[in-house]
Amino acid sequence: HCLAVRAVCQREIDCDRGNGYSWKITLLRNYWKSKVKQEWLSGKYSNIPSQLSLPEKSMYPMDVDTWGEILEAELER
């Protein structure tokens, strides 16, 4: 699980590990973020008609760099 999460959230994982968090805590801090981020990056929410069409778990607190990655992926589509 840790490697799968790191594949999507490498910057976040490396930062947490650099700050001394254990792998268990790092995984707990980033697991759902990686799921939501992967869905956004894969284009799952690219052509939604309104925010009401988004599934309940489509949002997660993410930093500006993560949203920047998602925006860049959208602009490339």
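Between amide H atoms placed 1.01 Å from N, distances below 5 Å from Lys44 occur with no residue 5 or more places distant or on a separate chain.
Which of rounded, prolate, oblate describes region 33-76, given a ≥ b ≥ c as roots of the alpha-carbon gyration tensor eigenvalues and a/c under 1.5 marking rounded, otherwise prolate only if a/b is larger than b/c? Oblate is the answer for region 33-76, as a/c is 1.5 or above yet b/c matches or exceeds a/b. In the context of the full set of protein chains, region 33-76 has a per residue accessible area of 71 Å² (1.4 Å probe).
Projected over every direction and averaged, the convex hull enclosing the alpha-carbon atoms of the chain yields 5.3 nm². Using a probe radius of 1.4 angstrom, the carbon and sulfur fraction of the accessible surface of the chain is 56%. Computed from phi, the 3J(HN,Hα) profile of region 6-17 under the Karplus parametrisation 6.51, -1.76, 1.60 (θ = phi - 60°) reads 5, 4, 9, 10, 4, 4, 5, 5, 4, 5, 4, 5 Hz, with x in place of Gly and Pro. For Lys57, what is the net charge nearby, where nearby means another residue's Cβ is under 14 Å from its Cβ and Lys, Arg count +1, Asp, Glu -1? Within the 14 Å Cβ shell, the charges total +2.
The values are calculated or read from the model by the stated rules, or taken from the named source; none is laboratory data. Just so it is clear, the model here is predicted, and its values are computed rather than measured. Neighbour counts run over all protein chains shown; Cβ positions are idealised from the backbone, glycine included. Heavy atoms of the whole protein, side chains included, go into the accessibility calculation; ligands, DNA and RNA do not. Shrake-Rupley method; radii C 1.70, N 1.55, O 1.52, S 1.80 Å.
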